[in-house]
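For reference, the structure is listed below as C-alpha cells.
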Amino acid sequence: MDMLTAQAAFDKGNLQKADLICRLVLTREPGQADAIALIERIRHALQLDHLADVQRSSAPRYLLIKAWGFGFWSDLD
C-alpha cells in the first residue's frame, strides 16, 4: 500500500480506504507529509474541519480506563 493507491481511492470517492491507507503509511513512516495532507483533505471532504489536526508527533499516547468498582457486579448479584 502506498500513497498512489490512497490517492486513487480518494479520487474514486472511497474516503474510508484512502484514510486507512494513509494511516498505515504513517505507522511505517511517521510524519509522512503526503499522508498527512491527504488525511486533511479527507477530513475537509467529510466536513470534519472542527476536529483537531492530525497528530504530527510520534510521542506515545495512552487511553486510561478507570476501574469499574463495586457498581457493576453488585447489579448482577
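No value in this document is a laboratory result; all are computed from the given coordinates. None of these values were measured; they are calculated from a predicted model. Here the Cβ positions follow ideal geometry from the backbone for every residue, glycine too, while neighbour counts run over all protein chains shown.
When the trypsin sites (Lys or Arg not before Pro) in the stretch 1-53 are filtered for DSSP coil states and for at most 16 other beta-carbon atoms within 10 Å of their beta-carbon, the remaining sites are Lys12. Annotation for Ala59 and Glu29: the two label points, set 7 Å from Cα along the Cα-Cβ direction, are 2.5 nm apart.
Take the Cα of Leu4, step 7 Å toward its Cβ, do the same at Gln47, and the gap between the two points is 3.5 nm.
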